[in-house]
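Since the structure comes first, as structure tokens, the remarks are kept for the end.
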Amino acid sequence: MQRPGGRSARVREAVHEAVLALLRERSWEDLGIAAVAERSGVHQATIYRRWRSMPALLDDVVAEHLMRSAPLPDTGSLRGDLEAYAEGVTHGLTGPFRVLILRAAMVDLRTGGAPGLAGALTERSRQLQAMLDRARARGEAAPALDDLIEIVLAPLYFDALFGRPGGPARAPRLVERLLAVSAGAGDAGTVAHSLPKTRRSS
């Protein structure tokens, strides 16, 4: 994500702080750009020009929070990266940001009715794919991004959504399951390629 400097950075910081302050007083459904402009001291036209809509602004706030609270680790091993990231997600889904992050995780119906991830999570998916690609470049058998989302991230978001306590062992356990599934898929592929080709008799 680009980090603009000078006045642009000050505007972004003031608007983000206003959003967070308002979220302590009301739900995100009740937020509007007019209220953000009044609280931040930034003109509505400036906010509209930069973010265009309240959902886009909320996505930007979430993206900034994710970068700060759960930066993508580089421990030198896939397991270490996955465990550190999963633990960061667990911590990030607590406190006042929980509802806002869950809102960003919802499927966003865009123009034409085509579903897609909210902007903050789309960017996060790109970063996670880069982490998996980095592991493959080291020679490790990395899982598919879809498996990472379904086996590790989805349960963590489910826990946060329904207030289910996972405990400190939850994240490492999910990572272990992901790696086991990934290893099983790799073994199955190896076995399939090693079998001799036979012609079925009619």
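FYI, it's all coordinate maths here, none of it is from the lab. These numbers come from a predicted model, not from an experiment. Here Cβ is always computed from backbone atoms with ideal geometry, including for glycine, and neighbour counts include all displayed protein chains.
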Segment Ala56-Ala137, extension gain: residue separation times 0.36 nm, minus the distance between their alpha carbons: 25.7 nm
Spatial separation of Cα centroids for segment 122-177 and segment 40-73, in angstrom: 24
Highest-first arrangement of 49-56, 23-30, 35-42, where packing means the average Cβ count within 10 Å: 35-42, 49-56, 23-30
Packing-based ranking, highest mean first, of 163-170, 6-13, 122-129, 77-84 given that Cβ atoms within 10 Å are counted: 77-84, 122-129, 6-13, 163-170
Mean Cα-pair separation over length for segment 7-52, i.e. relative contact order, pairs under 8 Å, 6 or more apart, %: 39
Vicinal HN-Hα couplings computed from phi for segment 9-19 (Karplus, 6.51 cos²θ - 1.76 cosθ + 1.60; Hz; Gly/Pro x): 5, 5, 5, 4, 5, 5, 5, 4, 4, 5, 4
